[in-house]
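> Could you have a look at this structure, given as structure tokens, before my questions?
The values are calculated or read from the model by the stated rules, or taken from the named source; none is laboratory data. The shown structure was predicted, so the numbers you read here are calculated from the model rather than taken from an experiment. Neighbour counts are summed over all protein chains in view; Cβ atoms, including those assigned to glycine, are modelled from backbone coordinates with ideal geometry. Just the protein is used for accessible areas: all its heavy atoms, side chains included, with ligands, DNA and RNA removed. Shrake-Rupley method; radii C 1.70, N 1.55, O 1.52, S 1.80 Å.
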Amino acid sequence: MRQSVMYVGLDVHKDTIAFAVAEDGKRAEVREHGEIANTPAALT
């Protein structure tokens, strides 16, 4: 069975955190998943 790798990117700012996911592979599509507030409540 082949295992796949997912890469998660975080763009952290004072007020927000944006995140994206890319599948394994050099030409894999990067999908932006959204943005959340940079607060303890939003992170949980």
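> Would you be able to say whether some residue in the stretch 23-32 is open to solvent by less than 90 Å² (accessible area, probe 1.4 Å), at pLDDT below 90 and on the phi > 0 side of the Ramachandran plot?
Yes, the conditions are met somewhere in the stretch 23-32.
> Residue under question is K14, and the condition is that it be modelled with pLDDT under 85, among the charged types (D, E, K, R), out of contact with any helix residue (DSSP H, G or I) (no Cβ under 6 Å at 6 or more places or on another chain) and loosely packed, with under 10 Cβ neighbours inside 10 Å; does it hold?
No: the conditions fail for K14.
> Quick check on my filter: what residues within the stretch 1-27 are under 30 Å from T39 (Cα atoms) and among the polar types (S, T, N, Q)?
Matches in the stretch 1-27: T16 only.
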